[in-house]
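Input: a single structure, listed below in structure tokens.
The values are calculated or read from the model by the stated rules, or taken from the named source; none is laboratory data. Keep in mind that this is a model prediction, so the values were computed, not measured. FYI the Cβ positions are ideal-geometry reconstructions off the backbone, even for glycines, and counts take in every protein chain you see.
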Amino acid sequence: MNARTRRAIAVHKAGHWPEGAAADRVTLAFVDRHRRRLRLVADSGTPFLLDLPRVQHLADGDGLELDNGGYVRVCAAPERVLEIEADGPAALLRLAWHLGNRHLPVQALDGRLRIRDDRAIAAMVEGLGGRVTALSAPFDPETGVYAGSEHGPVC
């Protein structure tokens, strides 16, 4: 990093920043979107420093405010995930309970759940009557009540 390296100094949640002011974007996997300070490389190849006052979860569509007044849009990278479906809302809720009981990060979608690819968990879900589909897609799970605190997310 040199003296001219841009610094991202604040996170603005999706829909709460001027998206037209995005100078660049950065595509990150789920495990790379819970940070405070880290050297990142934007999709254009331009390096910048994430330099936040505390650890924050970065979600797809968030804007990183740069010290020079611009923004970098956060994009969730496609990764290996499992989508889970069930025969009705009660059955899906039951599966969600079992996943939460294992403290797994879960993304709630319309009529289905998404988790990171895990063959043992897939077998458990199928054993409970759920249907599992493996695919490559962005993963942006619920962050929990402590997201953005010094305690980190509760998934």
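Sort out which residues of segment 26-56 are touching a Gly at 6+ places or on another chain (Cβ under 8 Å) and surrounded by 14 or more Cβ atoms within 10 Å (Cβ to Cβ), and write them in order of number. Once the filter is applied, which keeps residues that are touching a Gly at 6+ places or on another chain (Cβ under 8 Å) and surrounded by 14 or more Cβ atoms within 10 Å (Cβ to Cβ), segment 26-56 yields His34, Val55, Gln56.
When you check Asp117 against the structure, is it modelled with pLDDT under 95 and under 26 Å from Ala14 (Cβ atoms), yes or no? So Asp117 fails the test. Of all the listed residues (Ala91, Ala59, Ala77), the sole one being of a type in the set (Gly, Ala, Ser) and either modelled with pLDDT under 95 or crowded, with 19+ Cβ neighbours inside 10 Å (or both) is Ala59. Would you check if Asp110 is among the acidic types (Asp, Glu) and either at pLDDT 95 or above or surrounded by fewer than 17 Cβ atoms within 10 Å (Cβ to Cβ) (or both)? Criteria met by Asp110.
Quick check: is even one residue across segment 14-30 assigned to a strand (DSSP E or B), touching a residue at least 24 places away in the same chain (Cβ under 8 Å) and in contact with an Asp or Glu (Cβ under 6 Å, 6 or more places away or on another chain)? Reasoning before the result, please.
To start, the set of residues in segment 14-30 that are assigned to a strand (DSSP E or B) comprises 22-28.
Then drop every residue that is not touching a residue at least 24 places away in the same chain (Cβ under 8 Å), which leaves 22-28.
From what's left, in contact with an Asp or Glu (Cβ under 6 Å, 6 or more places away or on another chain): 25, 27.
Yes - at least one qualifying residue is present in segment 14-30.
Being more than 14 Å from Thr27 (Cα to Cα), in contact (Cβ under 8 Å) with a residue 24 or more places away in the chain, outside the structural domain of Ala123 (by TED's automatic domain parsing) and surrounded by 15 or more Cβ atoms within 10 Å (Cβ to Cβ) is not true of Val72. Any residue at all in segment 1-23 that's surrounded by fewer than 17 Cβ atoms within 10 Å (Cβ to Cβ) and under 30 Å from Val125 (Cα atoms)? Checked segment 1-23: no residue is surrounded by fewer than 17 Cβ atoms within 10 Å (Cβ to Cβ) and under 30 Å from Val125 (Cα atoms).
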